[in-house]
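> Structure incoming, see below.
The values are calculated or read from the model by the stated rules, or taken from the named source; none is laboratory data. Source: prediction; values computed, not measured. Using ideal geometry, Cβ is built from the backbone for each residue, glycine included, and neighbour counts are taken over all protein chains shown. Please note that ligands, DNA and RNA were not included when accessible areas were found on the heavy atoms of the full protein model with its side chains. Shrake-Rupley method; radii C 1.70, N 1.55, O 1.52, S 1.80 Å.
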Amino acid sequence: MTLKSGLGAALCSVAVLTLAACGQAGGDSASSDVEGTGTLDGGGKQIVLFSPSAANVYSGSVIKAATETAQKYDYTLKVFQNDFDQSQQDQQVQQFLASGEKPAAIIWWPSNVDASVNSLRQLSRVAPVIQMNQAVPEEAKQYVKAYAGANDLVVSGTAGQEALKARDEAVAAGKQLADPNGNLIEFRFGTGYKGGDNRHQGFMDATGAKPFTLLTVEAATAGFDAQDGFNHASQIVPKFKAQGIDFVYAQNLDMGSGVVKALEQNGLTPGKDVTVVAGNCSGNLEPLADGSVYAAVMQPPLMEGKLAVRTAVQYLATGSVTDEEVTLQPDAQEPELTAAPPPRATYLPAAALTKDTMNSLTVWGLSGPQLCS
């Protein structure tokens, strides 16, 4: 199995993607209001996106989809990329503010959602902000017009339900667990990344009535990819092998694929000796396709990139949002965008994918593999 490369060297420069044809919200006097244009056509105006580096599998797909969607509605897109580093992102915000640019809207994917509120506050005075990927904390709601993206609690809750299902199946098949509840190791996103906190909590909530025996929770350090998962699992698996590892929960499939490799190198067979369940299905799909990973959860980065820009376009067309929180259904075709106010929070659909279902699901015109790419 080929491991995905890590984030690589820090990208201190700003990546600019410009195209020629191109949860939760608040909003008060502290943030920029706009008068709706009445049209979805951006007339070549600029949208700025602050995002993690495209060197990461997931964020790379988000940037690609956001770029293409901006082009579709005749907006240009300028992207500032960081290596999941809030201090670097804060510096980019200051660089942007010093430029004096006045984009039509800003799409904000914070590296550390709690530590980024000051940068968000300053951005909100320049242009309306649409936040994505990490839920808006209470103290930041006044600076955000709308949220569009993943719901980490739902993604992890779905993963927890799949873990319970896997345990029931294993016990019914006569498998002897190392612990009556099943020993479990969790590999989570880095400390300080709020999505990781929510994904731990969502999994714990979903399994709380019938808990696993949690051996350890290991946080990523260099990124959320296969290499980081492999590096951590290579150290952790030997420590707990003698005690018995029944289940692994990795907060995304990319990390999970690295864990699979580490289990194999330690003489354990994923899908037989150890059941691996993952959060969102980003990165290498091979372990899901061959059953090494029992299940992962649909959280399409291409769909998230589209959704963030679509929300910005709708807000710019109307100058308002509705007081709704909406979880999208996994519709086969992408719905036509209308010049109507977007909900204050729009969440991606979350459905479990297995080797038996990953190729049969189509959402917004994207196949199972595309939903995870």
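> Taking into account only those residues within region 162-210 that are over 29 Å from Met132 (Cβ atoms) and of a type in the set (S, T, N, Q), which is least open to solvent (accessible area, probe 1.4 Å)?
Among them, the one singled out is Asn183.
> Something else: When the residues of region 105-133 are filtered to those that are in contact with a Phe, Trp or Tyr (Cβ under 7 Å, 6 or more places away or on another chain) and either open to solvent by 20 Å² or more (accessible area, probe 1.4 Å) or polar (S, T, N, Q) (or both), which remaining residue is farthest from Leu77 (Cα to Cα)?
My answer is Asn112.
> Going by the conditions given, is Ala172 under 30 Å from Phe212 (Cα atoms) and either more than 23 Å from the chain's Cα centre (by Cα) or of a type outside the set (Lys, Arg) (or both)?
yes
> Still on this structure, I have one more. List, please: which pairs have Cβ atoms under 6 Å, are six or more places apart or on different chains, and start with a residue in region 176-190 that is farther than 10 Å from Thr216 by Cα and end with one that is open to solvent by 10 Å² or more (accessible area, probe 1.4 Å) and of a type in the set (Val, Ile, Thr)?
Sorted first by the residue in region 176-190, then by its partner, the pairs are Asp179/Thr213; Asn181/Thr213; Arg188/Val217.
> Give the residues of region 323-353 that are surrounded by fewer than 15 Cβ atoms within 10 Å (Cβ to Cβ) and hydroxyl-bearing (Ser, Thr, Tyr), sorted by residue number.
Selection gives Thr327, Thr338.
> If I filter region 292-313 down to residues being in a strand (DSSP E or B) and open to solvent by less than 10 Å² (accessible area, probe 1.4 Å), which single residue comes out as farthest from Leu77 (Cα to Cα)?
This residue is Val293.
> For Lys78, all conditions in the list (1) at pLDDT 95 or above; (2) out of contact with any helix residue (DSSP H, G or I) (no Cβ under 9 Å at 6 or more places or on another chain); (3) more than 26 Å from Gly192 (Cβ to Cβ) hold save one; what is the number of the exception?
(2)
> Which one is most open to solvent (accessible area, probe 1.4 Å), of the residues in region 31-72 that are polar (S, T, N, Q) and in contact with a Phe, Trp or Tyr (Cβ under 9 Å, 6 or more places away or on another chain)?
Here the answer is Gln46.
> In addition: Would you tally the residues in region 273-291 being closer than 23 Å to Asp246 by Cβ, of a type outside the set (A, V, I, L, M, F, W, C), part of a loop (DSSP other than H, G, I, E, B) and open to solvent by less than 10 Å² (accessible area, probe 1.4 Å)?
0
> Looking at Leu316, is it closer than 25 Å to Ala104 by Cβ, in contact with a Lys or Arg (Cβ under 7 Å, 6 or more places away or on another chain), open to solvent by less than 20 Å² (accessible area, probe 1.4 Å) and hydrophobic (A, V, I, L, M, F, W, C)?
So Leu316 does not fit the description; no.
> Say whether the condition of being of a type in the set (Gly, Ala, Ser), out of contact with any strand residue (DSSP E or B) (no Cβ under 6 Å at 6 or more places or on another chain) and buried (at least 24 other Cβ atoms within 10 Å of the Cβ) is met by at least one residue in region 147-155.
Quick first cut of region 147-155, residues of a type in the set (Gly, Ala, Ser) only: 148-150.
Within this subset, residues satisfying the condition of being out of contact with any strand residue (DSSP E or B) (no Cβ under 6 Å at 6 or more places or on another chain) are 149-150.
In the following step, the residues that additionally are buried (at least 24 other Cβ atoms within 10 Å of the Cβ) were identified as 149-150.
Scanning region 147-155, I find at least one residue that is of a type in the set (Gly, Ala, Ser), out of contact with any strand residue (DSSP E or B) (no Cβ under 6 Å at 6 or more places or on another chain) and buried (at least 24 other Cβ atoms within 10 Å of the Cβ), so the answer is yes.
> For the structure I just gave you, tell me whether Glu324 is over 17 Å from the mean Cα position of the chain (by Cα) and not in a strand (DSSP E or B).
Details: over 17 Å from the mean Cα position of the chain (by Cα): yes; not in a strand (DSSP E or B): no.
It is false that Glu324 is over 17 Å from the mean Cα position of the chain (by Cα) and not in a strand (DSSP E or B).
Each row is one residue, and each column tells you yes or no for (1) part of a helix (DSSP H, G or I); (2) at pLDDT below 95; (3) within 23 Å of Gln243 (Cβ to Cβ); (4) in contact with a Cys (Cβ under 8 Å, 6 or more places away or on another chain).
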{"residue": "Ala140", "(1), (2), (3), (4)": "yes, no, no, no"}
{"residue": "Ala148", "(1), (2), (3), (4)": "no, no, no, no"}
{"residue": "Gly157", "(1), (2), (3), (4)": "yes, no, no, no"}
{"residue": "Leu164", "(1), (2), (3), (4)": "yes, no, yes, no"}
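> Can I ask one more? Starting from residues that are in contact with a helix residue (DSSP H, G or I) (Cβ under 9 Å, 6 or more places away or on another chain) and β-branched (Val, Ile, Thr), keep the ones in region 316-331 and report whichever is farthest from Asn151 (Cα to Cα).
Val321
> Right, here's the next one. Within region 211-241, count every residue that is more than 21 Å from the chain's Cα centre (by Cα), surrounded by 23 or more Cβ atoms within 10 Å (Cβ to Cβ) and within 16 Å of Gly258 (Cβ to Cβ).
Qualifying residue count for the region: 1.
> Suppose the filter is part of a loop (DSSP other than H, G, I, E, B) and farther than 28 Å from Ala54 by Cβ; does Gly244 pass it?
Yes: the conditions hold for Gly244.
> For region 73-102, give me each residue that is open to solvent by 10 Å² or more (accessible area, probe 1.4 Å) and outside any helix (DSSP H, G or I).
Residues satisfying the conditions are Tyr73, Asp74, Thr76, Lys78, Gln81, Asp83, Phe84, Asp85, Gly100, Glu101, Lys102.
> Mind checking whether some residue in region 90-106 is under 19 Å from the mean Cα position of the chain (by Cα) and of a type in the set (A, V, I, L, M, F, W, C)? Working first, answer last.
Taking region 90-106 first, the residues under 19 Å from the mean Cα position of the chain (by Cα) are 106.
Remaining after also requiring of a type in the set (A, V, I, L, M, F, W, C): 106.
Yes, that holds for at least one residue.
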